[in-house]
Amino acid sequence: MKLAFCGNDNPAAYNISAGVLRNVCFVDALNLVPHVFLLFITFPILFIGWGSQSSKVQIHHNTWLHFPGHNLRWILTFTLLFVHVCEIAEGIVSDAQMKSRHLHLFLPAIIGFVAATTSIVYYHNIETSNFPKLLLALFLYWVMAFVAKTIKLVRYCQEGVTFSQLRFCITGIMVILYGLLMAVEINVIRVRRYVFSMNPQKVKPPEDLQDLGVRFLQPFVNLLSKATYWWMNTLIISAHKKPIDLKAIGKLPIAMRALTNYVCLKEAYEEQKKKVANQPNRNPSIWLAMYRAFGRPILLSSTFRYLADLLGFAGPLCISGIVQGFQNTSQDNTTTIEKDQSDSYLSSQDFLGNAYVLAVLLFLALILQRTFLQASYYVTTETGINLRGALLAMIYNKILRLSTSNLSMGEMTLGQINNLVAIETNQLMWFLFLCPNLWAMPVQIIMGVILLYNLLGESALVGAAVIVLLAPIQYFIATKLAEAQKSTLDYSTERLKKTNEILKGIKLLKLYAWEHIFCTSVEETRMKEFTSLKTFALYTSLSIFMNAAIPMAAVLATFVTYAYTADKKLQPAQAFASLSLFHILVTPLFLLSTVVRFAVKAIISVQKLNEFLLSDEIGGDSWRDGCSSVAYESCKKHTGFHPKAINRKQPLRYQLESYEQSSRRQPRPLEIGDIAIKVINGYFSWGSGLATLSNINIRIPTGQMTMIVGQVGCGKSSLLLAILGEMQTLEGKVHWSNRNRYSVAYAAQKPWLLNATVEENITCGSPFNKQRYKTVTDACSLQPDIDLLPFGDQTEIGERGINLSGGQRQRICVARALYQNTNIVFLDDPFSALDIHLSDHLMQEGILKFLQEDKRTLVLVTHKLQYLPHADWIIAMKDGMVLREGTLKDIQNKDVELYEHWKTLMNRQDQELEKDMEADQTSLERKTLRRAMYPRESKAQLEDEDEEEEEEEDEDDNMSTVMRLRTKMPWKTCWRYLTSGGFFLLFLMIFSKLLKHSVIVAIDYWLARWTSLDEHKKDETYYVAGFSLLCGAGIVLCLITSLTVEWMGLTAAKNLHHNLLNKIILGPIRFFDMTPLGLILNRFSADTNIIDQHIPPTLESLTRSTLLCLSAIGIISYATPWFLVALVPLGIAFYFIQKYFRVASKDLQELDDSTQLPLLCHFSETAEGLTTIRAFRHEARFKQRMLELTDTNNIAYLFLSAANRWLEVRTDYLGACIVLTAAVASIKEGPKSGFVGLGLLYALTITNYLNWVVRNLADLEVQMGAVKKVNSLLNMESENYDGTLDASQIPKDWPQEGEIKIEDLCVRYENNLKPVLKHVKAYIKPGQKVGICGRTGSGKSSLSLAFFRMVDIFDGRIVIDGIDISKLPLHTLRSRLSIILQDPVLFSGSIRFNLDPECKCTDDRLWEALEIAQLKNMVKSLPGGLDAMVTEGGENFSVGQRQLFCLARAFVRKSSILIMDEATASIDMATENILQKVVMTAFADRTVVTIAHRVHTILTADLVIVMKRGNILEYDTPENLLSQENGIFASFVRADM
């Protein structure tokens, strides 16, 4: 058949007798002209002009601009494209009814479609390169197209074609669209004046794009890229080459920064405050403020949501139409009547009756629906993040202004503040995410029910009723779930506390062979936790079950009712459309329970927030400045300040400070120049209204040292805080002299550290000056401590860093106060945690030398009266009043009594001093620090344990291997996890899952068979019965599968935890020395929690969505085998999408987690150090830091959610393609209409589940990391607990005598390390007292550990009472010897439990032990006696008392050998003498081996062994050794005197 433009069956086509314009064909040809014109002009420009640049599609985004009307143009163009598609379709359908091809019906439309596409590509290129002159071509095109279409429309009107004809409507719409596009183009010319004007407007791109740090481009890209997240491609693909880090995600755009949003929310909130200002009992509404600030985006999101929901109903309607069309064709197979030319206009009815048209419409509707849905999600996410940023800033600003009394009087605990930050803001953010659901759901449900009623009549209402009635059960389950989770949390906290104690005291537990007792106690708590985990799992599986079962029950009820009540047979079109509607209805109902729960939580959160924001603030004294709420208010008074117009060239900090500067009051000059601070008639209170300090009249001289002394609790610290303005002033005034700077260097009594490096803690925001820094650290004797830290003064300390002792913390805080360049320094009892040497050094170097040289004013609170002579001015306090004020001379003359009292106190302190000289506390602290630090070479190895290198072959560590690791799913670990639940359960789970999905498919297949029946109703009962049976079986199987998955997950969790605990407890002591405690604890806390609660639901969801997708693909292929061909490209696309997404998602997830912690820490450390921050006047700096941390966390979260949108848009489009191919393939085949419906129904469900497959895969991959970490610990070697001797061969009371032979002993810590003891020989007679001494690292402690086989004895042996200890079972050996360790370890529990955890002894024996240890009277005085409680770590006893308890513990175990490992190192002299006496009397008949820290403790021993570098140097009685003048022992003793 020859092709001709006007068709070759109608000779009249070329007839122009009635005038050119009356000829249809000519008018259609005329319509081609504009399109061809555009293509001719733009193609050369696109290819030549941009040929150079188009290779790199992203010309850098600093040239991006949006011309006026940008979004409108994109929307109009998309509408135009859609209308073109309709026009093409209409042309093709009309053409199909002609005798020959009429190209003029559809060719112009096709060219028009190409032209419209070209126009938008062309526009986009012009816009990104900011070259508007070329837009003229487009302007001409719109004018020509408008004219051509108008001519066509006019002609139709003349011919009397009306609206009933589709072609007339299409042409009309196009005229309007071209007209509008022409208007947009004219507007661009009007605004930008790029033509017909002398001065074109110069335009710069938005500020964010000029800043190369902004990588989040969502607000700046064009609509198409916005909808499909195309700009994310580069980031997600680059994740494959190198992990995404904070640099890759850049900064937040200005509009999303916390400061911008804070200003908006603050304004709105202040407005609410003004409204309720004169109504005392009403609180300002945060809800209204949030609506004011963030209402617009929420409305936008809701609009998108409504559009998406309405488009969602296109699916069932199109399915119904396609299937209906099949039924019609199969029923009336009459020949199509060929129409003649004049009747070639289609009505909309005929057009929509065409199955292919419906398939294409369904495809477009799906794409649009998904695009709108994702847009709605994105907008709510972004708004939620903005809201959270604003709330955090509001909370933070409030924290900085909280009155101290609020915090100290316990009205606002730190816990509450942390909850506000961590929980309440997130609750509100989540509520915002789910917010659009609240109003979209009812609409969706009502629409769904109406459509169902249209399809099925009354019986649809039965099904809907089932769904509505079962919804409350969902809500009930959801509340129960939350409760179960809470109780689980309580138990796991308790379990962690116990585990922590075990790990801290592991050395003691091993030495006393008590591991199992403690292990059982953890297991008991774990069992309780496990019970509540079971409830949790039960409710989780019920909730999953309800989700799957409700639609089944509804469908069953509906169709059975229909079968028996309706007079017509159920048609496939009805059946599948209603099935698909039920699927749509279930989602909102399931979500409803979640949304309601979140709404309730959000209401509570807002109440808490409001309480917090309205709580008391600190009073604004005349000199208090930057931190009162003037900061932002003052910037409004500056003309031209608008929150969005903050100058971005300067960092925020300067802006904040410059706003604050303007509001600072001018300090008023004072009468006397040499007085820095003066308090007149002051009465101050801690917010209770009762004066804590009364009648205070003091002055503090400038540049001199003032000391405040007095008994504990007389108000010395309060006086400092009152001067700083932290207390409420009841009456009186605090005057500051004018020369003084606004900040005061203040060191609080309780040391406060930042989570930062040592250096940052000391400089604290001041510029770094090397000389000054060195002077300060020397004055505080910090250098030796710094040298011990792994990275010197660059080591992180604080909560997340290394734990320092109290004295070290205090010295750092004093150093910070000294370093600050302020005129006034307040030190609150800086000597309390320091020993005498350090106190003196600090006094001489730091205070007298460093501060006095700078002529700084110093106020010092202290208890050390021996420093009084150094003071220039003394204030003595008593009971909140000033007792005396003046110089020491004045007091000596005026108040002799007080002076004498001080003198006696000073003498007493001097005596203590002499005692103290011996107990050198600092060296002990340093020692502890060294012990904590020095397993550091091994720490480095442990940090790599998360990498999978050990499982891979040892390849070169090149990029490709690492990348392979990043993209590989950890299948090995998954298998480990699944099998740890037991093979039976694994099999049961797989089997029940497969069975359930087969039944679900069977139900739908049965429905297809049933509805495809011929017109008789005789088999109805058979089909109804079968259908009911299958549905019943499906519902039961849903329950069984959800239970098995949870059950399997629980068993796996139980086994993993049990194995982990037992493995750790039996691990070699070297492992604990090498592995940081936090690392092991993490396995028990975070990782166990993931294994307990997160993996099972993820696994469930993953298997469910995967199986649903697979069964869908199976059904479609069964209905239309051609579909398999199309599946190949789709499958490949899907593979790559998931591969790239998983890697990127994992990185972004980690970034989100890792940026959250610093933010929370910053809040809690601010709340703890409020007084210091305010005294230093560092509020602005801390605010700035908070804004930075918030923004960093928000950008990570924003990118994570954008990546999720990226994935979902792509999988949704893939799903739409599957629907299209399935529909087209089934129309082509045209088999039974029932199966077409079935195929399409399944194709529609795929779109929902594809992205869940990928999301769950990504989640599972992250969660499997926890299993892998736990497994890496399970591969550790245990100690060898079995001996070669049987229990029967060991005497019951071994060792009776206590005779020890050490024969040629060699010991090392591990096979690959050097020996620490080399060929040691010694013989100890029964009952001898032996002392071992030597320098640090000489092998003394290793020898004591060798008795217990805690170290590897690789040569030689130790024989005790004739038995070689290496042959004994470890438990027997360790339970028969006693040891007292250097660090006293007590466990939380009763005193009885601490002395005798095995509960073997009588009370008399315990009291006897306590009496020997001089503790009997103290324990008797405690409530409960032996059953009195010991807090965690024994904190409620002093170090000396703890050490005595350990002695009593050793005595309770009546063993004939006692080993003391530097047991007296942490005790004062008096206690030590008691200890020595006790050992001599109570252990008179036992062998005692003492490892000495101070040599004079072993002068009374029977035998002394001196060691050096693992060898014995001297071995004799102390008398003999002392007689050797140049002996090592003698030199030790001389040094110790």
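The values are calculated or read from the model by the stated rules, or taken from the named source; none is laboratory data. Note that the coordinates shown come from a computational prediction; the quantities given were computed from them, not determined experimentally. With ideal geometry, Cβ positions are generated from the backbone for all residues, glycine too; neighbour counts draw on all protein chains shown. Surface areas here come from the heavy atoms of the whole protein model, side chains and all, with no ligands, DNA or RNA. Shrake-Rupley method; radii C 1.70, N 1.55, O 1.52, S 1.80 Å.
Return the percentage of antiparallel bridges among DSSP beta bridges fully within the chain, rounded to the nearest 5 %.
Just about 55 percent of them are antiparallel.
Relative contact order, percent, of the range 1136-1216 when contacts are C-alpha pairs under 8 Å separated by at least 6 residues?
Details: 35 pairs, mean separation 43.1, N = 81.
Averaging sequence separation for qualifying contacts and normalising by length gives 53 percent for the range 1136-1216.
Would you please put 140-146, 1352-1358, 578-584 in order of how densely packed they are, using the mean number of other Cβ atoms within 10 angstrom per residue and starting with the highest? Provide the component values of the computation, followed by the final result.
Values: 140-146: 20.9, 1352-1358: 15.9, 578-584: 23.3.
Averaged packing, sorted descending, gives the order 578-584, 140-146, 1352-1358.
Compute the helix-to-body angle for 806-819: its Cα long axis versus the longest principal axis of the chain, expressed 0 to 90° and rounded to tens.
Roughly 80 degrees between the two axes.
Check the straight Cα-Cα distances from LYS1318 and name the lysines below 20 Å, setting aside those fewer than 8 residues away within the same chain.
Hits, sequence-local ones excluded: LYS1301, LYS1340, LYS1508.
Name the lysines eligible as straight-distance cross-link partners of LYS878: C-alpha to C-alpha under 29 Å, and not fewer than 8 places from it in the same chain.
LYS678, LYS716, LYS733, LYS750, LYS864, LYS889, LYS894, LYS903
With only Lys, Arg, Asp and Glu charged, each at its Cβ (+1 for the first two, -1 for the last two), find how big the charge dipole of the range 1191-1315 is about the Cα centre; round to the nearest 20 debye. Walk me through the intermediate numbers first.
Working: 11 positive and 16 negative charges, 262 e Å.
In total the dipole reaches around 1260 debye.
What is the local net charge at LYS601, summed over the other residues whose Cβ is closer than 14 Å to its Cβ (Lys, Arg +1; Asp, Glu -1)? It would help to have the intermediate numbers written out before the result.
Working: positive: LYS486, ARG597, LYS608; negative: GLU424, GLU483.
Summing Lys/Arg as +1 and Asp/Glu as -1 gives +1.
What FRET efficiency would be calculated for the residue pair TYR1135, GLU1277, taking the C-beta separation as r and a Förster radius of 60 Å, to the nearest 0.05? Kindly include the intermediate steps, with their values, before the conclusion.
Details: r = 41 Å, r/R0 = 0.69.
My answer for the efficiency is 0.90.
Classify the range 1293-1375 as rounded, prolate or oblate from the Cα gyration tensor: take a ≥ b ≥ c as the square roots of its eigenvalues, call it rounded if a/c is under 1.5, otherwise prolate when a/b beats b/c and oblate if not. Kindly include the intermediate steps, with their values, before the conclusion.
Numbers: a/c = 1.88, a/b = 1.28, b/c = 1.46.
Oblate, since a/c reaches 1.5 and b/c is not below a/b.
Which value, in Å to one decimal place, does the Kirkwood hydrodynamic radius take for the chain when every pair of different Cα atoms is included? Intermediate results must be reported in sequence, preceding the final value.
Details: mean 1/r = 0.0254 Å⁻¹.
Roughly 39.4 Å, rounded to one decimal.
At 1.4 Å probe size, with every protein chain present, just tell me what the per residue accessible area of the range 1150-1225 comes to in Å².
Using a 1.4 Å probe on heavy atoms only, each residue of the range 1150-1225 averages 23 Å².
Any chance you could check the Cα centroid distance between the range 1478-1511 and the range 847-866 for me, in angstrom?
With the range 1478-1511 and the range 847-866 each reduced to a Cα centre, they are spaced 45 Å.
What distance in nm separates the two pseudo spin-label positions at LYS534 and ASN893, each 7 Å out from Cα along the beta-carbon direction?
Label at LYS534, label at ASN893, 8.5 nm between them.
Restricting to Cα pairs below 8 Å that are 6+ residues apart, what does the relative contact order work out to for the chain? Please round to a whole percent. Intermediate values should be presented prior to the final figure.
Values: 2204 pairs, mean separation 163.3, N = 1537.
Taking the mean separation of contacting Cα pairs over the length of the chain, I get 11 percent.
Can you tell me the dipole magnitude for the range 254-300 around its Cα centre, using point charges on the Cβ only (Lys, Arg +1; Asp, Glu -1), in Debye to the nearest 20? Spell out each step's value before the answer.
Values: 8 positive and 3 negative charges, 10 e Å.
Roughly 40 debye for the range 254-300.
Among residues other than LEU1198 whose Cβ falls under 12 Å from its Cβ, what is the net charge (Lys/Arg +1, Asp/Glu -1)?
+2
Given the -39500 (n - 2.57) contribution per DSSP H run of 4+ residues, what per-residue ellipticity at 222 nm results for the chain, rounded to the nearest 500 deg cm²/dmol?
Working: 54 runs with 937 residues, N = 1537.
After summing the helix terms and dividing by residue count, I get -20500 deg cm²/dmol.
Between ALA1086 and ARG1405, what length comes free when the chain is fully extended (0.36 nm per residue of separation minus the Cα-Cα distance, one decimal in nm)?
Result: 110.6 nm gained on full extension.
Can you bin the range 1394-1451 into rounded, prolate or oblate? Criterion: square roots of the alpha carbon gyration tensor eigenvalues sorted a ≥ b ≥ c, rounded for a/c under 1.5, prolate for a/b above b/c, oblate for the rest.
Working: a/c = 1.31, a/b = 1.29, b/c = 1.01.
Rounded.
Could you give the nm distance between label points at ASN1417 and SER487, where each point is 7 Å from its Cα heading toward the beta carbon?
According to this spin-label approximation, the distance is 4.9 nm.
How much net charge surrounds THR1166 when only the other residues with a Cβ under 12 Å from the Cβ of THR1166 are counted, with Lys and Arg +1 and Asp and Glu -1? Each step should come with its number before you reach the end.
Values: positive: LYS398, ARG401, ARG1174, ARG1181, LYS1183, ARG1185; negative: GLU1165, GLU1168, GLU1179.
Result for the local shell: +3.
For the range 216-300, what is the number of Lys pairs with C-alpha distance below 21 angstrom, counting only pairs 8 or more positions apart or on separate chains? Could you put the intermediate results ahead of the total?
Numbers: LYS226/LYS251; LYS242/LYS251; LYS266/LYS274; LYS266/LYS275.
Going through the range 216-300 pair by pair, I get 4.
Rounded to the nearest 20 Debye, what is the dipole magnitude of the chain about its Cα centre when Lys and Arg each give +1 and Asp and Glu each give -1 at the C-beta?
Numbers: 153 positive and 150 negative charges, 829 e Å.
Magnitude of the dipole: close to 3980 debye.
Work out how much length THR303 to ASP1304 would gain on full extension: take 0.36 nm times their residue separation and subtract the Cα-Cα distance, in nm to one decimal. Kindly include the intermediate steps, with their values, before the conclusion.
Numbers: separation 1001, 0.36 × 1001 = 360.36 nm, distance 8.59 nm.
Once the chain is fully extended between THR303 and ASP1304, it gains 351.8 nm.
Taking R0 as 35 Å, what's the FRET efficiency between TRP1122 and LEU1013 from their Cβ-Cβ distance, rounded to 0.05?
In this case the efficiency is close to 0.85.
Determine the share of the range 1092-1219's accessible area contributed by carbon and sulfur atoms, expressed in whole percent, with a 1.4 angstrom probe.
67
Which of rounded, prolate, oblate describes the range 496-547, given a ≥ b ≥ c as roots of the alpha-carbon gyration tensor eigenvalues and a/c under 1.5 marking rounded, otherwise prolate only if a/b is larger than b/c?
Values: a/c = 6.07, a/b = 3.89, b/c = 1.56.
Taking the square roots of the gyration eigenvalues as a ≥ b ≥ c, the range 496-547 is prolate.
At 0.36 nm per residue, minus the direct Cα-Cα distance, what do ILE45 and ASP1293 gain on full extension? Give it in nm, one decimal, please. It would help to have the intermediate numbers written out before the result.
On the way: separation 1248, 0.36 × 1248 = 449.28 nm, distance 10.16 nm.
Full-extension gain reported as 439.1 nm.
Tell me the Kirkwood hydrodynamic radius of the range 203-286 in angstroms, computed as one over the mean inverse distance between distinct C-alpha pairs. Before the final figure, lay out the partial values.
Values: mean 1/r = 0.0618 Å⁻¹.
One decimal place: 16.2 Å for the Kirkwood radius.
For LYS972, which lysines qualify as cross-link partners when the Cα separation must be under 23 Å and same-chain residues fewer than eight apart are set aside?
Counting by Cα, and skipping residues close in sequence, LYS972 has these lysines nearby: LYS993, LYS1054, LYS1063, LYS1139, LYS1146, LYS1268, LYS1269.
Averaged per residue, what accessible surface does the range 139-280 expose to a 1.4 Å probe, in Å²?
On the way: 6830 Å² over 142 residues.
Heavy-atom SASA per residue in the range 139-280 reads 48 Å².
Suppose R0 equals 60 Å. What FRET efficiency, 1/(1 + (r/R0)^6) with r the Cβ-Cβ distance, do TRP287 and SER1366 give to the nearest 0.05? Walk me through the intermediate numbers first.
Values: r = 74 Å, r/R0 = 1.23.
E between TRP287 and SER1366, to the nearest 0.05, is 0.25.
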